[in-house]
Amino acid sequence: MAKPVYRQSMIKEYRKCPKCCERRYVKGFVQPPNYKMTMGSSLDAVLNEALERKIKGEPLMSLGEASDLAAEEMSRRRIETAWEGEDFNLCRDHTIKAASQVIANVVPKIDPLYTQLDVLVETNLPFNISSTIDVLDKAHRVRDLKFTTARGKQFYQVNDDIQSACYTIAVEALTGIRPKSFVFDLVVRSEAKSGGITYSPVEGTVTEEDIFDFWEAAQDLHNSMVSGVFPRTDSHLCECRKYRQKIA
């Protein structure tokens, strides 16, 4: 019998709230993306295209091309997004500004080896894990682009993120080499309506303790999947009730 495979997003969701994980991954409910997720996904599309061109040795993406792609991605995701009272046009304009920062400041600093690489990590445990590595550069650093606000910037700490531990495990399984460090490439949006955009990378190292915490969370998830018991946590504002729409 084939082992179950747990993605890093599922393990991260379980660590945050087991009930959220159950509703999304077991019962098949989904939470529509909010405006922050849509802006971030649109920016990811710009970075991925720009880095793919670098890998292939093609002409670099221009600021105009980046702006056009960001606008297209925002429009494509408009209907599926829960805008939560935010103005679409303003969010689109902020994303276009952020795309310019990506081309001017993020792309030149990355010498990519891989982008958007799916990795299956086979283990001697009752389950395997999988991860999609956003970017691995030639300096053997895992990189993850995040579009955030000045207020949200403080929450991005490499050694406090279970996803960065999973990326580290996946890269080591793929290459046999432990990544030297992990970088959050933060594109920070001012919370003022002017929408000023800055680039502020945060670099750190994933520790053995972080790796242990990841495997502990993965084992806890597996135990819940086997037993069918997903405990509720009161340690944060649970969003599981937002998972209302059943997957078709």
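The values are calculated or read from the model by the stated rules, or taken from the named source; none is laboratory data. Everything quoted here is computed from the prediction, not taken from an experiment. Cβ atoms come from the backbone with ideal geometry, glycine included; neighbour counts cover every protein chain shown.
Hey, any hits in the stretch 29-40 for a residue that's without any contact (Cβ under 8 Å) to a residue 40 or more places away in the chain, closer than 23 Å to T81 by Cβ and polar (S, T, N, Q)?
So the first thing to find is which residues in the stretch 29-40 are without any contact (Cβ under 8 Å) to a residue 40 or more places away in the chain, and the list is none.
No, the stretch 29-40 has no match at all.
Charged (D, E, K, R), closer than 17 Å to D185 by Cα and either at pLDDT 95 or above or surrounded by fewer than 20 Cβ atoms within 10 Å (Cβ to Cβ) (or both): is that true of D87 in this structure?
So D87 does not fit the description; no.
Among the residues of the stretch 46-72, write down those that are touching a strand residue (DSSP E or B) at 6+ places or on another chain (Cβ under 8 Å) and surrounded by 14 or more Cβ atoms within 10 Å (Cβ to Cβ).
Listed by number, the residues that qualify are L47, N48, L51, E52, K54.
Specify which of the listed residues (N105, N124) is under 29 Å from D220 (Cβ atoms) and among the polar types (S, T, N, Q).
The unique qualifying residue is N124.
Of the conditions (1) closer than 24 Å to S131 by Cβ; (2) polar (S, T, N, Q); (3) loosely packed, with under 15 Cβ neighbours inside 10 Å, S75 clears all except one; give me its number.
(1)
Any residue at all in the stretch 78-86 that's over 30 Å from N223 (Cα atoms), of a type outside the set (A, V, I, L, M, F, W, C) and assigned to a helix (DSSP H, G or I)? Walk me through how you get there before you give the answer.
Within the stretch 78-86, the subset over 30 Å from N223 (Cα atoms) is 78-86.
Those left that are additionally of a type outside the set (A, V, I, L, M, F, W, C): 78, 80-81, 84-86.
Applying the additional criterion that residues be assigned to a helix (DSSP H, G or I) yields none.
The answer is no; no qualifying residue exists.
Given the residues V106, V102, which is the only one that is touching a Pro at 6+ places or on another chain (Cβ under 9 Å), in a helix (DSSP H, G or I) and of a type in the set (A, V, I, L, M)?
V106
Of the residues A173, A165, only one is among the hydrophobic types (A, V, I, L, M, F, W, C), without any contact (Cβ under 8 Å) to a residue 60 or more places away in the chain and over 22 Å from S41 (Cα atoms); which? Let's see the steps before the verdict.
Values: A165 fails: over 22 Å from S41 (Cα atoms).
After applying the criteria, what remains is A173.
Evaluate the following for N159: is it outside the structural domain of D93 (by TED's automatic domain parsing), at pLDDT below 90 and either of a type outside the set (G, A, S) or surrounded by 15 or more Cβ atoms within 10 Å (Cβ to Cβ) (or both)? Spell out the reasoning first.
On the way: outside the structural domain of D93 (by TED's automatic domain parsing): yes; at pLDDT below 90: yes; either of a type outside the set (G, A, S) or surrounded by 15 or more Cβ atoms within 10 Å (Cβ to Cβ) (or both): yes.
Yes.
Inspect all residues belonging to the stretch 118-137 and state whether any of them is farther than 23 Å from K36 by Cα, at pLDDT below 90 and not assigned by TED's automatic domain parsing to the domain that holds K97.
Looking for residues that are farther than 23 Å from K36 by Cα, at pLDDT below 90 and not assigned by TED's automatic domain parsing to the domain that holds K97, one finds none in the stretch 118-137, hence no.
Only one of these is out of contact with any Pro (no Cβ under 8 Å at 6 or more places or on another chain) and modelled with pLDDT under 90: R92, R151, R78. Name it.
Working: R92 fails: modelled with pLDDT under 90; R78 fails: modelled with pLDDT under 90.
So the residue among R92, R151, R78 that is out of contact with any Pro (no Cβ under 8 Å at 6 or more places or on another chain) and modelled with pLDDT under 90 is R151.
Quick check, is A218 touching a strand residue (DSSP E or B) at 6+ places or on another chain (Cβ under 7 Å) and either exposed (fewer than 12 other Cβ atoms within 10 Å of the Cβ) or at pLDDT 95 or above (or both)?
Numbers: touching a strand residue (DSSP E or B) at 6+ places or on another chain (Cβ under 7 Å): yes; either exposed (fewer than 12 other Cβ atoms within 10 Å of the Cβ) or at pLDDT 95 or above (or both): yes.
Spelling it out, A218 is indeed touching a strand residue (DSSP E or B) at 6+ places or on another chain (Cβ under 7 Å) and either exposed (fewer than 12 other Cβ atoms within 10 Å of the Cβ) or at pLDDT 95 or above (or both).
Pick from R92, R151, R141: which is farther than 15 Å from M37 by Cβ and surrounded by 13 or more Cβ atoms within 10 Å (Cβ to Cβ)?
R141 is the lone residue from the list that is farther than 15 Å from M37 by Cβ and surrounded by 13 or more Cβ atoms within 10 Å (Cβ to Cβ).
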